[in-house]
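Values quoted throughout were computed directly from the atomic coordinates according to the rules given, and no laboratory measurement underlies them. For clarity, every value in this text was computed on a predicted model and none was experimentally measured.
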Amino acid sequence: MDLVVSGILNFLTEQEAIGKADEVQDFYRYGIEITISSMLNIVLVLLMGALTGHLLESVIYLAVFIAVRVITGGYHADTYFRCNLLMCSTFIATAFVFCPVENKNKPIEKDKKPKFRAIKRMGIAACGCASMYGGYQTKEPKNIYKN
């Protein structure tokens, strides 16, 4: 992360798009870090959704998660790695909690599958909302890059 952010900052500074003052550099560094981390979280959840056959659920999860997070805030992990790990773990947990598992001893009737899918999607949205409520913080997030 440091190499990528430093490279972007150097490029912006060389192009005279931003100033060289420490306050300016710190401001842009934090913004670039948050942007990269957020985009990585989104890409990872979509990738996991695609790989597990839950792409639509991953889109629903992200829509709910992002909307709730923008409005209410939420938990801030100590590092970007922990943030990404927590986001992916939460998605995987919610994507599979509401999945009825079909096997040869207990098949799912065809007419009930759409109902189960709808329940699963609502459950994913509800879990996304609930995961944000439990981690709400009122204080300003610290710059986790400098820890």
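Details
- Whether region 1-83 is rounded, prolate or oblate, judged on the alpha carbon gyration tensor where a/c under 1.5 counts as rounded: prolate
- For region 77-94, 3J(HN,Hα) computed residue by residue from phi via the Karplus equation (6.51, -1.76, 1.60; θ = phi - 60°) reads 5, 6, 9, 5, 4, 5, 4, 5, 5, 5, 4, 5, 5, 5, 5, 4, 4, 6 Hz, glycine and proline entered as x.
- In Hz, Karplus ³J(HN,Hα) per residue of region 49-57 (6.51, -1.76, 1.60; θ = phi - 60°; x = Gly, Pro): x, 5, 5, 9, x, 10, 5, 4, 5
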